[in-house]
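Enquirer: Dropping a structure here in structure tokens format, bear with me for questions.
The values are calculated or read from the model by the stated rules, or taken from the named source; none is laboratory data. Computed from a predicted model, the values in this text were never measured in an experiment. A quick note on method: Cβ atoms are made from the backbone with ideal geometry, for glycine too, and the neighbour counts reach across all protein chains shown. Side chains included, ligands, DNA and RNA excluded: accessible areas come from the protein's heavy atoms. Shrake-Rupley method; radii C 1.70, N 1.55, O 1.52, S 1.80 Å.
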Amino acid sequence: MNLGWWWRLFAGALAGFLFFHGFAATETAPNYSFMYDATSASTLSYYDYIIVGGGTAGCPLAATLSQNATVLLLERGGSPYGNPNLTKMASFGAALSDLSRSSPSQRFISEDGVINARARVLGGGSCINAGFYTRASDEYIKQAGWDGRLVNESYQWMEKSVAFEPSLGQWQSAVRDGLLEAGVMPSNGFTYDHIYGTKVGGTIFDQQGNRHTAADLLEYANPSGLTVFLHASVHKILFAIKGKRRPKAHGVVFRDATGAKHKAYLKQGSKNEIIISAGALGSPQLLMLSGVGPAQHLKSHDITVVLDQPLVGQGMSDNPMNAVFIPSPLPVEVSLIQVVGITHFGSYIEAASGENFAGGASSSPAVEYMNNLDETTFRGGFILEKVMGPISTGHLELRTRNPNDNPSVTFNYFKDPQDLQRCVQGIQTIEKIIESKAFFRFRYEFLSWPILLNMTANAPLNLLPKHYNPSMPLEVFCKDTVMTIWHYHGGCQVGKVVDLDYKVLGVDALRVIDGSTFNDSPGTNPQATVHGCEDIE
């Protein structure tokens, strides 16, 4: 399998990057001279590369490409800087709770009835997630056909800016020790690597609780080679068709916050391209809006078909997450994901604690859960499990022709029985942790395991009808209490919509580089891998 395009690009640009920064001053976030509101954009402009989506993949791509080319980065959201709901760990949940049209987090509800969120801010999902940082497994990298040495160099490049070792508090330590008692062995200490057993992973929050995001990677950009427009909503990719053997992407149409239309075109050049990094929902959505997708579906929305590509929007997946809340008789630290148990049966066990989930509204399942708990039992934390993969897949379709509207997406959680069995085993492992000696002092004795499950099952975690009671099997609990951990992916998968170099099949000068190309979610958290090669999250 060929080396992926992004890794070649990274290797080729690294020397230039080091040379450039050896002789010129870098720009420090948030005072980027190349960042503007889209209202200041000219009606017509030309660039070597146009990147749609300033998220977890788009930002490092823009920084790298700007070393040797002119780059336009279009982001539909605003800047994360100066917003404490994004930059402070203690405010996690507040952005997810913001349901306004200007929110950095855009809520969507899948057809499965699970509440979810997509980023709408420079830096993408790294601005609104729980901050866990971990690499993909060696096996994942091998199966993707990437060069392991270049992957590791890319990881190290990013980790200098955005990854830190967390300080483990007593509650997280108890979860770690409980995992070991539960048999999730060996103890791997602190590591970014994805290896079986129990480990402490990285975090994008520094010791002062400040979040470091993909937007920070723009500090590595060549200021003279990059233009970033915020509040720039891309409505379609423009294709040159006349006289061409096949459609060639050559420009984009975008609108600013006032609704004014702007066009940006590629300069003449054999290597000039448009790169879509709009996320697992945004990228297949934009391809369809631009006429690349299932012909009949596009025609039903009066969209001119550029290329009949029935696999755009197919293979959508979201790792099902199920959690148990444990009220604590002792105070617990405010913590997001720090410890993870990587099991052999295909479930990842993680934990979070404290008041940071109480955002004040109901946009995330975890926030809803905490807000509906009695004050006397609010103190405590979650232990959760996430199903690896998953195997179950669904699809995405357009609802409207407005790129700012959410598309319709179905994930088909637990459609494959192996996913359901992994959930059951994960919940059984959580029971072992809660009943371990290490965790004993953080639980009330009178709150038995069946009571804890019943408390969870009766909380408003999703929009699904409730069936579970303690006499029922755990399979029912898994289906009734399924939530998201925001790791959805698919829709523009390698070998189906893009080739091994992430070029869109059937058209020229167009690539997709983000989590929509994933067949599986890499590792326990995709952020590090999306930074390095594609956009997750």
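Enquirer: Among the residues that make up the stretch 183-198, is at least one of them of a type in the set (A, V, I, L, M) and within 30 Å of D37 (Cα to Cα)?
Expert: no
Enquirer: Please work out which one of (1) in contact (Cβ under 8 Å) with a residue 12 or more places away in the chain; (2) open to solvent by 30 Å² or more (accessible area, probe 1.4 Å) is the condition V387 fails and give its number.
Expert: For V387, the exception is condition (2).
Enquirer: Output the qualifying pairs, or none if there are none: Cβ atoms under 7 angstrom, residues six or more apart or on different chains, first residue in the stretch 182-194 and within 16 Å of Q338 (Cβ to Cβ), second residue among the aliphatic types (A, V, I, L, M) and at pLDDT 95 or above.
Expert: V184/I349; S187/L180; N188/I195; G189/V200; F190/V200; H194/I342
Enquirer: Based on what the data block shows, is W146 out of contact with any strand residue (DSSP E or B) (no Cβ under 7 Å at 6 or more places or on another chain), buried (at least 18 other Cβ atoms within 10 Å of the Cβ) and assigned to a loop (DSSP other than H, G, I, E, B)?
Expert: So W146 fits the description; yes.
Enquirer: Using beta carbons and a limit of 6 Å, which pairs, at least six apart or on different chains, have the first residue in the stretch 146-163 and within 12 Å of E219 (Cβ to Cβ) and the second one open to solvent by 30 Å² or more (accessible area, probe 1.4 Å)?
Expert: Note: pairs meeting the criteria are V162/H212.
Enquirer: Any residue in the stretch 272-294 that is farther than 25 Å from Y49 by Cβ and either over 28 Å from the mean Cα position of the chain (by Cα) or among the hydrophobic types (A, V, I, L, M, F, W, C) (or both)?
Expert: Looking only at the stretch 272-294, we keep the residues that are farther than 25 Å from Y49 by Cβ, and these are 294.
Subset that is either over 28 Å from the mean Cα position of the chain (by Cα) or among the hydrophobic types (A, V, I, L, M, F, W, C) (or both): none.
Among the residues of the stretch 272-294, not one is farther than 25 Å from Y49 by Cβ and either over 28 Å from the mean Cα position of the chain (by Cα) or among the hydrophobic types (A, V, I, L, M, F, W, C) (or both), which makes the answer no.
Enquirer: Identify all residues within the stretch 97-136 that are touching a Ser or Thr at 6+ places or on another chain (Cβ under 8 Å) and within 17 Å of S335 (Cα to Cα); write none if there are none.
Expert: Matches in the stretch 97-136: S126, C127, I128, G131, F132, Y133, T134.
So that you can scan it fast, the table gives a plain yes or no per residue for (1) among the acidic types (D, E); (2) open to solvent by 10 Å² or more (accessible area, probe 1.4 Å); (3) over 25 Å from E397 (Cβ atoms); (4) assigned by the TED database to the domain that holds A509:
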site	(1), (2), (3), (4)
G54	no, no, yes, yes
N85	no, yes, yes, no
R101	no, yes, no, no
I115	no, no, no, no
G125	no, no, no, no
T134	no, no, yes, no
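Enquirer: Would you check if there is a residue in the stretch 467-476 being in contact with a Leu (Cβ under 6 Å, 6 or more places away or on another chain) and either within 29 Å of G315 (Cα to Cα) or among the charged types (D, E, K, R) (or both)? Lay out the reasoning, then the answer.
Expert: Our first condition is that a residue be in contact with a Leu (Cβ under 6 Å, 6 or more places away or on another chain); within the stretch 467-476, this holds for 475.
Add one more test, that the residue is either within 29 Å of G315 (Cα to Cα) or among the charged types (D, E, K, R) (or both), and what stays is 475.
So far as the stretch 467-476 goes, yes, one or more of its residues are in contact with a Leu (Cβ under 6 Å, 6 or more places away or on another chain) and either within 29 Å of G315 (Cα to Cα) or among the charged types (D, E, K, R) (or both).
Enquirer: Now for a separate question. Which one of the conditions (1) over 28 Å from A215 (Cα atoms); (2) open to solvent by 30 Å² or more (accessible area, probe 1.4 Å) does A182 fail to meet, given that it meets all the rest?
Expert: Unmet for A182, out of (1) over 28 Å from A215 (Cα atoms); (2) open to solvent by 30 Å² or more (accessible area, probe 1.4 Å): (2).
Enquirer: Can you confirm whether the stretch 274-286 contains a residue that is open to solvent by 10 Å² or more (accessible area, probe 1.4 Å), outside the structural domain of G251 (by the TED database) and closer than 22 Å to E111 by Cα?
Expert: Checking the stretch 274-286: not a single residue is open to solvent by 10 Å² or more (accessible area, probe 1.4 Å), outside the structural domain of G251 (by the TED database) and closer than 22 Å to E111 by Cα.
Enquirer: Looking at (1) open to solvent by less than 10 Å² (accessible area, probe 1.4 Å); (2) without any contact (Cβ under 8 Å) to a residue 24 or more places away in the chain, which one does P294 not meet, given that it meets all the others?
Expert: Result: P294 fails condition (1) only.
Enquirer: Tell me which of these A361 doesn't satisfy, since it passes every other one: (1) aliphatic (A, V, I, L, M); (2) modelled with pLDDT under 95; (3) farther than 21 Å from M455 by Cβ; (4) crowded, with 22+ Cβ neighbours inside 10 Å.
Expert: Just one mismatch for A361, condition (4).
Enquirer: With a cut-off of at least 1 residues that are under 24 Å from G523 (Cβ atoms) and in contact with a Lys or Arg (Cβ under 9 Å, 6 or more places away or on another chain), name the strands (runs of 3 or more DSSP E) lying wholly within the stretch 187-287. I'd like the intermediate steps shown before the answer.
Expert: Details: elements: 187-190, 197-200, 226-230, 233-240, 248-255, 261-266, 273-276.
Hits in the stretch 187-287: 187-190, 197-200, 273-276.
Enquirer: Take the stretch 185-222 and flag every residue that is of a type in the set (A, V, I, L, M, F, W, C) and either within 21 Å of V332 (Cβ to Cβ) or surrounded by fewer than 24 Cβ atoms within 10 Å (Cβ to Cβ) (or both).
Expert: M185, F190, I195, V200, F205, listed by residue number.
Enquirer: How many of the residues making up the stretch 29-52 are at pLDDT 95 or above, surrounded by 14 or more Cβ atoms within 10 Å (Cβ to Cβ) and not aromatic (F, W, Y)?
Expert: Count: 10.
Enquirer: Starting from residues that are basic (K, R) and more than 16 Å from Y49 (Cβ to Cβ), keep the ones in the stretch 234-262 and report whichever is surrounded by the fewest Cβ atoms within 10 Å (Cβ to Cβ). Break it down stepwise before answering.
Expert: Within the stretch 234-262, the subset basic (K, R) is 236, 242, 244-246, 248, 255, 261.
From what is left, the residues that are more than 16 Å from Y49 (Cβ to Cβ) are 236, 242, 244-246, 255, 261.
Values: K236: 20, K242: 4, K244: 12, R245: 6, R246: 11, R255: 19, K261: 10.
Of everything passing the filter in the stretch 234-262, K242 is surrounded by the fewest Cβ atoms within 10 Å (Cβ to Cβ).
Enquirer: Take F229 and tell me if it is out of contact with any Cys (no Cβ under 9 Å at 6 or more places or on another chain) and under 30 Å from Y32 (Cα atoms).
Expert: yes
Enquirer: From R118, R101, grab the single residue that is charged (D, E, K, R) and either in a helix (DSSP H, G or I) or out of contact with any helix residue (DSSP H, G or I) (no Cβ under 7 Å at 6 or more places or on another chain) (or both). Walk me through how you get there before you give the answer.
Expert: Numbers: R118 fails: either in a helix (DSSP H, G or I) or out of contact with any helix residue (DSSP H, G or I) (no Cβ under 7 Å at 6 or more places or on another chain) (or both).
That would be R101, the only listed residue that is charged (D, E, K, R) and either in a helix (DSSP H, G or I) or out of contact with any helix residue (DSSP H, G or I) (no Cβ under 7 Å at 6 or more places or on another chain) (or both).
Enquirer: Of the residues that sit in the stretch 306-356 and are open to solvent by 50 Å² or more (accessible area, probe 1.4 Å) and modelled with pLDDT of 95 or more, which one is nearest to the chain's Cα centre (by Cα)?
Expert: Across the stretch 306-356, the extreme among qualifying residues is Q314.
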